[in-house]
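A.B. asks: Pasting a structure below so you can have a look.
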Amino acid sequence: MDTRTAAHTLNRIADLLELHEQSRFKASAFRNAARAVAALDATDLRPALQDGSLAQVRGIGPVTLSVLTELAQAGESSYLQQLSEDTPEGLVEMLRIPGLGTAKIRAIHEGLDIDTVHELEEAVRDGRVARLPRFGPRMAEKIARGIAFLRETTPFVLYPRALAEARRLLSAVNAHPGVERAEIAGSIRRRNEIIRDVDIVAACRERPESVATAFVHAPGVRDAIGAGTRTVNIRYVDGTLLHLHCVEPDRFAVALWRATGSVEHEREMTARAAACGLTVADDRLLGPTGERVPVPDEPALYAALGLAYVEPELREGYGEVQAAAARSLPSLITTRDLQGVLHCHSQYSDGTSTIGEMAAAARARGWSYLGVSDHSQSALYAGGLSPETVMSQHEEIDRVNEELAGFRVLKGIEADILIDGRVDYESSMLDRFDYVIASVHSRFALDATAMTERVLRALDDPHVTILGHPTGRLLLTREPYAIDMEAVLSKAAAVGVAVELNADPHRLDLDWRLCLEAKRLGCSIEIGPDAHSTAGLDNVELGIGIARKGWLEPADVLNAMSADVVTARARRRRAA
């Protein structure tokens, strides 16, 4: 029994348990077991079952182990079959509608006898959903938007999940005896924020068609297209889609470039090749008389076209080919360029780690400072800090700084931007912080004019150092609120406020296209992990990917500068 099918089975059981209003603890146990199985290095569960090691894995208990044992022995789960027989399939699909949880789905099913998304959509249109107890027109409208959003985004997943899946698949491809080397390509290699499918290119020492076809018959495959050819499209039981392209080793570089994309970049490169008297044909580069031009690696391909090498993140058709021809590509920021981080939460508000723990973890990552920016007093939902609590926190930060050599904890705050544009706390309290992040956390439904005016007024406050997660988007869950971002970026550049690229994988807000606009306008960017734990500090790697897509260089990024520069910048704003 392969781990992919096993994890999918456990997750489906958890879904059905929640829909049947059974014990939340029981559903949670199955989800924990699914995560534990998915994290295993092995692809086959049977050896771990036989030697007893699977029973020792954290997260797998007696009940879930019995399900896995049955899966390995019989190839199916009678428990899942029983739950499935009692549950309309459409109810499971409804779980994927943003904002529609199990309680609401049960109320819709029991109140309207609806068990498909199509029927739900009709009931929203004719007003039946709005008339349900504790629903109303606003909830009905929210469900309608959620259905539309589901249909638009269903094939996509967040980048971290796609990357983890791609790495597992890459490991399996590299393990094939006929594969010399393989690499991840496509939108994952370009570090897009949401991903539809996994692209892998493999250089094969055996016949490429045979290697590609071998994966069609691998465990966990639901269906496949292309058996007998070099390129196969494989869909697994959990919905993951793999595009596997197998080639001879001397075609690998061009194949990797082509599979990386984007379509716009490939089109511009192909036109550039034609202007140079060359042709990109399949996975080969041909000269003027059809002779094969050797391409040992991607830099050689770009050099053959008279271009500087274009990093994968930039290959989006946003002028990178012209910049490569002019040798004016940016020197993109890397994780090593960051000197510290500024958007972090502790146990004082809704974080799970102490200030000391966060500081130690930041120092272990090679940074020289960490800014603690817990929520302000208006954020009751997140344990926002009263003025008295702020004073206690600052005393603790002083103690931590005395204990740490060569490292500094800065006193920051993530202050709510109130409905009228004022920044939470009185001026005298804001003066106590080394820097202030101002963020919108409420009233997202304002129209564009009102929201823009609200944020612009906040930017006028001289205490504001950084504008946090500026569009409020939650990827695959909530669209950005209506706001004129060109006006916001222009104002931020004019008054010297940095705009955040929030690196939480659910946000990645600022969008990389807006990073390009910010750079054009001279607006600096702060890459903030929005860390609520020590592990959350690693979000900066995702932020770096988006920053690179947005053509950002170290000089464009606030926290690529020292703590002294950050605090001096904040002081200058207040003194102006």
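The values are calculated or read from the model by the stated rules, or taken from the named source; none is laboratory data. It should be emphasised that the depicted structure is a prediction, and the values quoted were computed from it without experimental measurement. Using ideal geometry, Cβ is built from the backbone for each residue, glycine included, and neighbour counts are taken over all protein chains shown.
A.B. asks: Return the residue satisfying two criteria in turn: it lies in region 61-99 and is in a helix (DSSP H, G or I) and of a type in the set (Ser, Thr, Tyr), and of such residues it is nearest to Arg35 (Cα to Cα).
C.D. replies: Step one: of region 61-99, the residues in a helix (DSSP H, G or I) are 62-74, 78-85, 89-94.
Now restrict to residues that are of a type in the set (Ser, Thr, Tyr): 64, 66, 69, 78-79, 84.
Details: Thr64: 12, Ser66: 16, Thr69: 17, Ser78: 21, Tyr79: 19, Ser84: 21 Å.
Of everything passing the filter in region 61-99, Thr64 is nearest to Arg35 (Cα to Cα).
A.B. asks: To continue, here is another question. Is there a residue being touching a Phe, Trp or Tyr at 6+ places or on another chain (Cβ under 9 Å) and farther than 27 Å from Ile195 by Cβ anywhere in region 123-139? First the steps, then the outcome.
C.D. replies: Quick first cut of region 123-139, residues touching a Phe, Trp or Tyr at 6+ places or on another chain (Cβ under 9 Å) only: 129.
Those left that are additionally farther than 27 Å from Ile195 by Cβ: 129.
Yes, region 123-139 contains at least one residue that is touching a Phe, Trp or Tyr at 6+ places or on another chain (Cβ under 9 Å) and farther than 27 Å from Ile195 by Cβ.
A.B. asks: Same structure, new question: Among the residues of region 439-461, is there at least one that is in contact (Cβ under 8 Å) with a residue 40 or more places away in the chain and aromatic (Phe, Trp, Tyr)?
C.D. replies: Scanning region 439-461 turns up no residue that is in contact (Cβ under 8 Å) with a residue 40 or more places away in the chain and aromatic (Phe, Trp, Tyr).
A.B. asks: Pick out, from region 144-218, the helices (runs of 4 or more DSSP H) lying fully within it that include 1 or more residues that are polar (S, T, N, Q) and surrounded by fewer than 18 Cβ atoms within 10 Å (Cβ to Cβ).
C.D. replies: On the way: elements: 159-174, 186-189, 208-216.
Output list reads 159-174, 208-216.
A.B. asks: Applying the selection to region 273-293, what residues are part of a loop (DSSP other than H, G, I, E, B) and either surrounded by 11 or more Cβ atoms within 10 Å (Cβ to Cβ) or touching a Lys or Arg at 6+ places or on another chain (Cβ under 7 Å) (or both)?
C.D. replies: So in region 273-293, the residues part of a loop (DSSP other than H, G, I, E, B) come out as 276-278, 282-283, 287-291, 293.
Residues satisfying the conditions are Cys276, Leu278, Asp282, Asp283, Gly287, Val293.
A.B. asks: Go through region 228-260 and report how many residues are at pLDDT below 90 and part of a loop (DSSP other than H, G, I, E, B).
C.D. replies: Adding up the residues that qualify gives 4.
A.B. asks: While we're looking at this one, here's another question. Looking only at region 526-555, count every residue that is of a type in the set (D, E, K, R), in a helix (DSSP H, G or I) and either buried (at least 22 other Cβ atoms within 10 Å of the Cβ) or not assigned by TED's automatic domain parsing to the domain that holds Leu474 (or both) and tell me the total.
C.D. replies: Residues of region 526-555 of a type in the set (D, E, K, R): 526, 530, 538, 541, 548-549, 553.
Now drop any that are not in a helix (DSSP H, G or I), which leaves 538, 541, 548-549.
From what is left, the residues that are either buried (at least 22 other Cβ atoms within 10 Å of the Cβ) or not assigned by TED's automatic domain parsing to the domain that holds Leu474 (or both) are 548-549.
Qualifying residue count for the region: 2.
A.B. asks: Kindly list the number of the only condition in (1) charged (D, E, K, R); (2) under 30 Å from Glu264 (Cβ atoms); (3) touching a residue at least 40 places away in the same chain (Cβ under 8 Å) that fails for Arg205.
C.D. replies: (2)
A.B. asks: Kindly check whether there is at least one residue in region 31-41 that is surrounded by 13 or more Cβ atoms within 10 Å (Cβ to Cβ), part of a loop (DSSP other than H, G, I, E, B) and on the phi > 0 side of the Ramachandran plot.
C.D. replies: no
A.B. asks: Would you mind stating whether Leu71 is at pLDDT below 85 and not assigned by TED's automatic domain parsing to the domain that holds Leu170? Spell out how you get there, then give the answer.
C.D. replies: Values: at pLDDT below 85: yes; not assigned by TED's automatic domain parsing to the domain that holds Leu170: yes.
Taking the combined requirement at face value, the residue satisfies it.
Yes/no matrix, rows are residues, columns are (1) on the phi > 0 side of the Ramachandran plot; (2) over 33 Å from the mean Cα position of the chain (by Cα):
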{"residue": "Asp250", "(1), (2)": "no, yes"}
{"residue": "Val254", "(1), (2)": "no, no"}
{"residue": "Gly287", "(1), (2)": "no, yes"}
{"residue": "Tyr302", "(1), (2)": "no, no"}
{"residue": "Gly306", "(1), (2)": "yes, yes"}
{"residue": "Val321", "(1), (2)": "no, no"}
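A.B. asks: Let me ask another. Take Leu132 and decide whether it is on the phi < 0 side of the Ramachandran plot, in contact with a helix residue (DSSP H, G or I) (Cβ under 8 Å, 6 or more places away or on another chain) and part of a helix (DSSP H, G or I).
C.D. replies: Working: on the phi < 0 side of the Ramachandran plot: yes; in contact with a helix residue (DSSP H, G or I) (Cβ under 8 Å, 6 or more places away or on another chain): yes; part of a helix (DSSP H, G or I): no.
Judged against the criteria, Leu132 is not a match.
A.B. asks: On to the next question. Just a yes or no: is a residue in region 49-60 assigned to a loop (DSSP other than H, G, I, E, B), without any contact (Cβ under 8 Å) to a residue 60 or more places away in the chain and either buried (at least 20 other Cβ atoms within 10 Å of the Cβ) or in contact with a strand residue (DSSP E or B) (Cβ under 8 Å, 6 or more places away or on another chain) (or both)? Don't jump to the end; show me each part of the working.
C.D. replies: Looking only at region 49-60, we keep the residues that are assigned to a loop (DSSP other than H, G, I, E, B), and these are 51-53, 57-60.
Now restrict to residues that are without any contact (Cβ under 8 Å) to a residue 60 or more places away in the chain: 51-53, 57-60.
Within this subset, residues satisfying the condition of being either buried (at least 20 other Cβ atoms within 10 Å of the Cβ) or in contact with a strand residue (DSSP E or B) (Cβ under 8 Å, 6 or more places away or on another chain) (or both) are 60.
Yes, region 49-60 contains at least one residue that is assigned to a loop (DSSP other than H, G, I, E, B), without any contact (Cβ under 8 Å) to a residue 60 or more places away in the chain and either buried (at least 20 other Cβ atoms within 10 Å of the Cβ) or in contact with a strand residue (DSSP E or B) (Cβ under 8 Å, 6 or more places away or on another chain) (or both).
A.B. asks: Among the numbered criteria (1) in a helix (DSSP H, G or I); (2) in contact with a helix residue (DSSP H, G or I) (Cβ under 9 Å, 6 or more places away or on another chain), which single criterion is violated by Val499?
C.D. replies: Unmet condition: (1).
A.B. asks: I'm checking my understanding of the structure. Among residues of region 471-525 that are closer than 23 Å to Leu150 by Cα and acidic (Asp, Glu), which one is surrounded by the most Cβ atoms within 10 Å (Cβ to Cβ)?
C.D. replies: The residue in question is Asp509.
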